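Some notes on the structure that comes next.
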Amino acid sequence: MRHKVGFKRLDVKESHRKALKRSLVTALFKYERIETTLVKAKAVQGMAEKMITRAKTDSVHNRRMIARDINDKAVLAKLFTDIAVRSAERAGGYTRVLKLGYRVNDAAPMAILELVDQKSEEEKKAEKENRKKAKTKKTAAAAKPEAKKEKPAADAPAETAAE
């Protein structure tokens, strides 16, 4: 019996369970949607909710407390600058678990764990296009100074010929 036990053991040792939950919560913040078993999704959901609540107030202490579990600096920055900002008005319930059915291999119940305030597909496409435009502007800007350097060199012989 599991009376007064506050977490799911997931039938693994403590170190494995911690590593599993850390990797799942990092993947959740990175991709904003992950597919896993129902029990793992429910185990990770509470951890993710607490991290988002803590990330709402951006301080050195909160960053260090969350950085204990999230080792990827880009994901940590995304959590504080993007995900927490989108969830600022919410009082809780930042994630949802959607049941998918059963896995073919071992009949384990599968689920999708996702953030509630996800960017829509249109916003994602617009963001991709903006990144592409920024890259083309950078390459164009890098090519222009070279062209400017060549023009004065081409003008100099013309001036000497005119004298």
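Computed from the coordinates by the stated procedures, all read-outs in this text should not be read as laboratory data. Fair warning: this is a prediction, and the values are worked out from it, not measured in the lab. Quick reminder, even Gly has a Cβ in these numbers, built from the backbone with ideal geometry, and neighbours come from all protein chains shown.
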>> Pairs please, first residue from the range 1-23 and under 17 Å from E49 (Cβ atoms), second anywhere and part of a helix (DSSP H, G or I) and of a type in the set (V, I, T), Cβ atoms under 8 Å, 6+ apart in sequence or on different chains.
In response: K8/V39; K21/V44
> Listed residues T26, T81, T57; which is part of a loop (DSSP other than H, G, I, E, B), more than 11 Å from L113 (Cα to Cα), free of Cβ contacts under 8 Å to residues at least 60 places away in the same chain and among the hydroxyl-bearing types (S, T, Y)?
Replying inline: T57
> Which one is farthest from K50 (Cα to Cα) among residues in the range 82-118 that are among the polar types (S, T, N, Q) and surrounded by 13 or more Cβ atoms within 10 Å (Cβ to Cβ)?
Replying inline: Q118
> Restricting the search to the range 1-50, which residues are within 22 Å of A67 (Cβ to Cβ) and basic (K, R)?
Replying inline: R17, K18, K21, R22, K30, K50
> What is the residue count in the range 48-73 for residues that are surrounded by fewer than 18 Cβ atoms within 10 Å (Cβ to Cβ) and of a type outside the set (D, E, K, R)?
Replying inline: 9
> How many residues does the range 98-125 hold that are touching a Ser or Thr at 6+ places or on another chain (Cβ under 8 Å), charged (D, E, K, R) and closer than 29 Å to R86 by Cβ?
Replying inline: 2
> So, of the residues in the range 23-44 that are of a type in the set (S, T, N, Q) and touching a helix residue (DSSP H, G or I) at 6+ places or on another chain (Cβ under 8 Å), which turns out to be surrounded by the fewest Cβ atoms within 10 Å (Cβ to Cβ)?
Replying inline: T26
> What number of residues in the range 1-22 are charged (D, E, K, R) and surrounded by 10 or more Cβ atoms within 10 Å (Cβ to Cβ)?
Replying inline: 7
>> Is it the case, given these coordinates, that K8 is within 22 Å of G101 (Cα to Cα) and not in a helix (DSSP H, G or I)?
In response: yes
